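Read through the structure below, which is laid out as structure tokens, and then see the notes.
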Amino acid sequence: METQMLRYTLEKLEKLGHIKTCTKKVDAKFELGAVLRYFDNEVPIIFDNIKEHKVPLVGGLYGNRQIFYDLMDTNKENRIFKFMDAIANPKSVRKISTGPIKDNIITKNIDVKKLFPIPTSHEKDSSSFITSGMLIVKDPQTNDTHMAVRRFQVNSKTNISALVSGASPHLRNIIKKSEENNKPIECAVVLGYDAEYLIASQISSSKYGLDKHKVYSALKGEELEVVKCHSVDIEVPAYCEIVLEGEIVPNKKVVEGPFGELMGYYGEVAPNPVMEIKTIMHRNEPIFQHAFPCREEHLSNGLIREAEMYSILNSVVDVDDVNVTVGGGCRLHAIVRINKNNEGDGKSAILSSLGSSKDLKHVVVVDTDVDIYNCKDIEFALSSRVQGSDDVVIIKNALGSGLEASHVYKGLSDKIGIDATKPLDVDLFDRAIIPKYENININDYF
């Protein structure tokens, strides 16, 4: 369906006024990434004049919350319920015989570096990296589709290494079994997808046991149309832009990294499995999809974490909203807003939040009069409603995130929760307001 994947997304972004086009010739090595980073990876940009390449590139697609909501026809208030409904009620997928992705099928003389403008982002990066690649494999037991955004280091014309050291337990288990049996894993890497496809990829296979393509259909409100790959038994979206087909080779690894990672540090260098590319399929006049590290896949992951945290908290306190913040890498920090009904609600929310994920390091709990997406408002609550000896909870030497530098250095993480809620029934903490004019349209006055 033409309402699926990247080209429809670009049309929608154009109508909404969210997209920029860079016509200046740029180098995929460093320069292109510098342009994306200037806008903090929050502005979708098309680069149609890339040095030594004819294929255009689009980056910064899914790094902004509001753009995410606009693309998915949802909003801040409804997005959590939209995601939870898709997880609870996955829909069918429609298999078709062919689609635009099969316009071009390349099986000989493959050179992925010459075909596509694959960027190098940071000074010490070991190579150019495919950062938006959606790795698809089939669960050998259930035949369900497992898909997740992984980064791929380009090693040669047909050889790329897939970062799986921090992958889901489900994917690691599939790879472990293939290595024990010395049997390759058929796989595909998809580029050129939409916001719903990215969100669906962030659903935990080990937690929910779902076919992620079916979650996509539920999120989109229409059946995902898929076609079978040319050389492997994998189904991919018929309207995506580029598909790399091949096999993850058992018991063969290449050192991957360094790579400029989450929070602006270089990640750990380690051996990771390699994928041998057998076939490349792409649409006519394909568009290469890129995500400057590290925002887009982490923002989508954070959106799913918010839904999961909300669900956990909802059984303990009267939770109003959750923000797993961009500043904390969309996994390390959370702001929780509650309707406080009991004096212990703030502490209960802290314990439930920190227990929801080993990655979460710091959580702040606030009242409903605080805007959890506004740093000034959060700081207001911290400065005027917190006394350290009463309101700060510290849990020493817990499990932490492998993407957080101080945890990697120490091997453990201290967790901190701050109860920034006001005492019940105390007028001293009521905020001064302007009656009837708290929310005005300033354009009416000028």
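Of the listed requirements (1) in a helix (DSSP H, G or I); (2) in contact with a strand residue (DSSP E or B) (Cβ under 9 Å, 6 or more places away or on another chain); (3) open to solvent by 40 Å² or more (accessible area, probe 1.4 Å), Leu171 misses just one: (3). Within segment 264-276, the only residue that satisfies the criterion of being at pLDDT 95 or above and surrounded by fewer than 21 Cβ atoms within 10 Å (Cβ to Cβ) is Glu276. When Ile136, Ile87 are screened for being surrounded by 20 or more Cβ atoms within 10 Å (Cβ to Cβ) and outside any strand (DSSP E or B), only Ile87 passes.
Closer than 30 Å to Asp73 by Cβ, open to solvent by 10 Å² or more (accessible area, probe 1.4 Å) and under 15 Å from the mean Cα position of the chain (by Cα): which single residue out of Ala148, Ala195 fits that description?
Numbers: Ala195 fails: open to solvent by 10 Å² or more (accessible area, probe 1.4 Å).
Only one candidate qualifies: Ala148.
Screening segment 19-54 for residues that are crowded, with 17+ Cβ neighbours inside 10 Å and of a type in the set (Val, Ile, Thr) and picking the one that is nearest to Lys113 (Cα to Cα) gives Ile50. Applying a threshold of 8 Å to beta carbon distances and a minimum spacing of six or more residues, or different chains, the list of pairs starting in segment 196-216 at a residue that is under 16 Å from His170 (Cβ atoms) and of a type in the set (Val, Ile, Thr) and ending at one that is in a loop (DSSP other than H, G, I, E, B) and open to solvent by 10 Å² or more (accessible area, probe 1.4 Å) reads Ile203/Leu210; Val215/Pro90. Screening Glu308 on (1) part of a strand (DSSP E or B); (2) open to solvent by 30 Å² or more (accessible area, probe 1.4 Å) shows it passes everything except condition (1). Looking only at segment 99-117, decide whether some residue is at pLDDT 95 or above, open to solvent by less than 40 Å² (accessible area, probe 1.4 Å) and of a type in the set (Asp, Glu). The answer is yes; a qualifying residue exists. Take the conditions (1) more than 24 Å from His298 (Cβ to Cβ); (2) touching a Lys or Arg at 6+ places or on another chain (Cβ under 9 Å); (3) among the hydrophobic types (A, V, I, L, M, F, W, C); (4) loosely packed, with under 15 Cβ neighbours inside 10 Å; Val426 misses just one of them, which is (2). Residues satisfying the criterion are absent from segment 361-377 (criterion: modelled with pLDDT under 95, open to solvent by 10 Å² or more (accessible area, probe 1.4 Å) and not hydrophobic (A, V, I, L, M, F, W, C)).
In this entry, Ala334 passes the filter for residues that are under 18 Å from Asn64 (Cα atoms), of a type in the set (A, V, I, L, M, F, W, C) and buried (at least 23 other Cβ atoms within 10 Å of the Cβ).
Take segment 341-362 and flag every residue that is closer than 24 Å to Val426 by Cα and outside any helix (DSSP H, G or I).
Residues of segment 341-362 closer than 24 Å to Val426 by Cα: 341-350.
Those that are closer than 24 Å to Val426 by Cα and outside any helix (DSSP H, G or I): Asn341, Asn342, Glu343, Gly344.
The number of residues in segment 230-256 being outside any strand (DSSP E or B), open to solvent by 10 Å² or more (accessible area, probe 1.4 Å) and out of contact with any Pro (no Cβ under 9 Å at 6 or more places or on another chain) comes to 3.
Within segment 322-340, restricting attention to residues that are closer than 20 Å to Leu424 by Cβ and not in a loop (DSSP other than H, G, I, E, B), which residue is farthest from the chain's Cα centre (by Cα)? Among those that are closer than 20 Å to Leu424 by Cβ and not in a loop (DSSP other than H, G, I, E, B), it is Ile338. Based on this model, can you work out whether Ser126 counts as under 30 Å from Tyr266 (Cα atoms), touching a residue at least 40 places away in the same chain (Cβ under 8 Å), outside any helix (DSSP H, G or I) and not basic (Lys, Arg)? For Ser126, the condition - under 30 Å from Tyr266 (Cα atoms), touching a residue at least 40 places away in the same chain (Cβ under 8 Å), outside any helix (DSSP H, G or I) and not basic (Lys, Arg) - is met.
Open to solvent by less than 10 Å² (accessible area, probe 1.4 Å), in contact (Cβ under 8 Å) with a residue 24 or more places away in the chain and over 23 Å from the mean Cα position of the chain (by Cα) - does that describe any residue in segment 281-297? Within segment 281-297 (the criterion being open to solvent by less than 10 Å² (accessible area, probe 1.4 Å), in contact (Cβ under 8 Å) with a residue 24 or more places away in the chain and over 23 Å from the mean Cα position of the chain (by Cα)), the answer is yes, since at least one residue qualifies. Within the bounds of segment 378-397, is there any residue that is open to solvent by 40 Å² or more (accessible area, probe 1.4 Å), part of a helix (DSSP H, G or I) and either of a type in the set (A, V, I, L, M) or touching a Phe, Trp or Tyr at 6+ places or on another chain (Cβ under 8 Å) (or both)? Yes, segment 378-397 contains a residue that is open to solvent by 40 Å² or more (accessible area, probe 1.4 Å), part of a helix (DSSP H, G or I) and either of a type in the set (A, V, I, L, M) or touching a Phe, Trp or Tyr at 6+ places or on another chain (Cβ under 8 Å) (or both). Every test in (1) outside any loop (DSSP other than H, G, I, E, B); (2) over 26 Å from the mean Cα position of the chain (by Cα); (3) crowded, with 17+ Cβ neighbours inside 10 Å is passed by Thr421 save one, and that test is (1).
Residue count for segment 203-227, restricted to those that are open to solvent by 30 Å² or more (accessible area, probe 1.4 Å), outside any helix (DSSP H, G or I) and more than 14 Å from Lys91 (Cβ to Cβ): 2.
The values are calculated or read from the model by the stated rules, or taken from the named source; none is laboratory data. Note that the coordinates shown come from a computational prediction; the quantities given were computed from them, not determined experimentally. Every residue, glycine as well, gets a Cβ built from its backbone with ideal geometry; the counts of neighbours run over all protein chains shown. Surface areas here come from the heavy atoms of the whole protein model, side chains and all, with no ligands, DNA or RNA. Shrake-Rupley method; radii C 1.70, N 1.55, O 1.52, S 1.80 Å.
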